[in-house]
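The values are calculated or read from the model by the stated rules, or taken from the named source; none is laboratory data. Computed from a predicted model, the values in this text were never measured in an experiment. Glycine gets a Cβ as well: all are built from the backbone with ideal geometry, and neighbour counts include every protein chain shown.
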Amino acid sequence: MTVDRAVMMFAGFVVLLSLGLAYYFSPYWYWLTAFVGANLMQASITGFCPAAIVFKRFGLKCGVAFS
């Protein structure tokens, strides 16, 4: 697995988790979904992604987007 795929999987997991938490507990959890979306947008523009840095430290291979 590359860093790019790990970032996409992590973002998808957090979005689904926040949707479930918002449905069952509080609509304020939708802010987490908005944060993930905003972070994905800024990462596509700047190339900076904190999750990519963490996954690189775990030893995953660099992909195309976060090299």
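Within the stretch 1-56, restricting attention to residues that are in a loop (DSSP other than H, G, I, E, B) and loosely packed, with under 11 Cβ neighbours inside 10 Å, which residue is nearest to the chain's Cα centre (by Cα)? Steps first, please.
Filtering the stretch 1-56 for residues in a loop (DSSP other than H, G, I, E, B) gives 1, 25-26, 47-49.
Subsequent filtering for residues that are loosely packed, with under 11 Cβ neighbours inside 10 Å retains 1, 25-26.
Numbers: Met1: 15, Phe25: 22, Ser26: 21 Å.
Among residues in the stretch 1-56 that are in a loop (DSSP other than H, G, I, E, B) and loosely packed, with under 11 Cβ neighbours inside 10 Å, the one nearest to the chain's Cα centre (by Cα) is Met1.
Considering only residues that are in contact (Cβ under 8 Å) with a residue 40 or more places away in the chain and either aromatic (Phe, Trp, Tyr) or at positive phi (or both), which ones fall in the stretch 18-61?
Quick first cut of the stretch 18-61, residues in contact (Cβ under 8 Å) with a residue 40 or more places away in the chain only: 49, 51-52, 55-56, 60-61.
Once the filter is applied, which keeps residues that are in contact (Cβ under 8 Å) with a residue 40 or more places away in the chain and either aromatic (Phe, Trp, Tyr) or at positive phi (or both), the stretch 18-61 yields only Phe55.
For Ala65, indicate whether it is among the aliphatic types (A, V, I, L, M), outside any helix (DSSP H, G or I) and modelled with pLDDT under 95.
It is true that Ala65 is among the aliphatic types (A, V, I, L, M), outside any helix (DSSP H, G or I) and modelled with pLDDT under 95.
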